[in-house]
1. Would it be correct to say that residue 22 is in a helix (DSSP H, G or I), in contact with a helix residue (DSSP H, G or I) (Cβ under 8 Å, 6 or more places away or on another chain) and buried (at least 20 other Cβ atoms within 10 Å of the Cβ)?
2. Taking residue 75 and the conditions (1) outside any helix (DSSP H, G or I); (2) free of Cβ contacts under 8 Å to residues at least 24 places away in the same chain, which numbered condition does it fall short on, given that it satisfies the others?
3. Wholly within the stretch 80-171, which helices (runs of 4 or more DSSP H) include no fewer than the required count, namely at least 3 residues that are touching a helix residue (DSSP H, G or I) at 6+ places or on another chain (Cβ under 9 Å)?
4. Which ones in the stretch 95-117 are within 19 Å of the chain's Cα centre (by Cα) and surrounded by fewer than 19 Cβ atoms within 10 Å (Cβ to Cβ)?
């Protein structure tokens, strides 16, 4: 289990920070739910079901990106769409079950699910704090200048033309 979980954290440089952001958001929402003395458990269960869905969604998005980046453009788009439909389908099923069973608030579950969005916005702040405290090292990734991008595109076009020329010569 530990090895399996470690693979997920190695897939992405930001997954652990995103998960921290989701949990931080969940704690803030939980503090807000303490204002509702009546049916507080009903609302809290819904919230944490949503937070769990957000965490699972973050893992699934990371896994999806890891899978589709090796595919061609058209296949990557098809796969990413099918995986997104799967994620949304599971969310709709869980929210539907919550509405039928009536043991947890589906609206607070949706609020918890929005932790994925909030975590994405909080992640840069968490990253800066982790670097500042020494928990993570800042990795400078070199950015390409527009000229370098144009040069790479020209090289790729040249390779494509050379392959087309080779195919024509072989026929």
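1. Yes.
2. Looking at each condition in turn, residue 75 falls short on (1).
3. Because the criterion is at least 3 residues that are touching a helix residue (DSSP H, G or I) at 6+ places or on another chain (Cβ under 9 Å), the helices (runs of 4 or more DSSP H) in the stretch 80-171 that meet it are 106-113, 115-133.
4. Within the stretch 95-117, 110, 114, 117 meet the criteria.
Every read-out reported here was derived from the displayed coordinates using simple, explicitly stated rules and does not represent laboratory data. None of the values given here were measured: they were computed from a predicted structure. Methodologically, a virtual Cβ is constructed for each residue, glycine included, from the backbone with ideal geometry; neighbour enumeration extends over all protein chains shown.
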